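Please treat every number below as a calculation from the coordinates, not as lab data. All figures in this text were calculated on a predicted structure; none of them were measured in a lab. No Cβ is skipped: glycine too gets one built from the backbone with ideal geometry, and neighbour counts run over all protein chains shown.
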Amino acid sequence: MTDLDGAQFRELCGRFATGVVIVTALDPDQSPAGMTANSFASVSLDPPLISFNVDRASDFHRAIATAGVFAVNVLGAGQEALSRRFAKTPGPERFEGVGFRRTDTGRIHLAGAIATLDCETFERFPVGDHTVVIGRVVGGEAHDGRPLLYFRGGYRNLA
Ligand SMILES: Cc1cc2nc3c(=O)[nH]c(=O)nc-3n(C[C@H](O)[C@H](O)[C@H](O)COP(=O)(O)O)c2cc1C
C-alpha cells in the first residue's frame with residue numbers, strides 16, 4: 001500500500017526529461033490514428049525492440065490493440081503544436097491539415113519528424129491501467145534536426 005497520489009506520481013516522474021513521439025497506426029476501419037507519447041524506450045538490440053505504454057481508456061488503444069504494424073514518429077523542436085494536437089484534438093480530426101504519408105506497408109509517417117521507426121507489433125500486455133506495447137523495428141529513417149523535449153509537464157528545447 002502507498003499514500004502516493006496521482007499528482008505526486010506525476011511530480012516525481014516529471015523530473016525525468018524525455019523526448020516526444022507520436023505513435024501512428026491504422027485503426028480497425030483502416031483510418032489513420034495517432035497519439036502523443038513520452039513513454040517511448042528502446043528495449044533490446046538483438047532483436048531490435050522498442051516499447052511505449054498506452055492508456056487503455058484512450059481512443060488510440062482501439063487502434064494499437066489490433067494493429068500488426070505501426071510507426072513511431074520522433075518530434076522535432078518545431079513540432080510542439082503537433083504534440084498538443086495528438087494529445088487533445090478528438091481522434092478523427094487529428095490528421096486534418098497535418099502533413100503525413102501513408103506507406104505501402106500501411107504505416108503513417110508524419111512530415112517533419114526527426115526520425116521515424118517502422119515497427120511490427122511484437123508483444124502487447126496489460127500492466128496497471130495501461131497496455132505495454134513492444135515493437136520490433138524493421139526499418140526507419142533519421143533526419144537532422146533538434147528534438148522536442150518534455151520536462152515537468154512542459155515543452156523544452158535544447159539550450
Ligand atoms: C507529452 C505527452 C506525453 C504523453 N505520453 C503518453 C503516453 O506515453 N501514453 C499514453 O497513454 N498517453 C500519453 N499522453 C496522453 C495522450 O496523448 C492522450 O491522452 C491521448 O492522445 C488521448 O486521446 P485519445 O483518447 O483520443 O487517444 C501524453 C500526452 C503528452 C502531452
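Quote the relative contact order of the chain in percent (integer), defining contacts as alpha-carbon pairs under 8 Å separated by 6+ residues. It comes to 28 percent, rounded to a whole number. Magnitude of the charge dipole for the chain, about its Cα centre and with charges confined to Cβ atoms of Lys, Arg (+1) and Asp, Glu (-1), is about 360 debye.
Considering the dipole of region 18-152 built from charges on the beta carbon (Lys and Arg +1, Asp and Glu -1) around the Cα centre, which of HIS109, PRO92, ALA142 is farthest to its positive end? Projecting each Cα onto the dipole axis, the largest value belongs to PRO92. Each residue of the chain gets 129 Å³ once the volume of the Cα convex hull is shared out per residue. Structure remark: mean-square fluctuation, Gaussian network model of the chain, C-alpha springs under 10 Å; the largest value among LEU12, LEU110, LEU82 belongs to LEU12.
What's the center-to-center distance, using Cα atoms, between region 101-144 and region 15-83 in Å? One Cα centre to the other: 6 Å.
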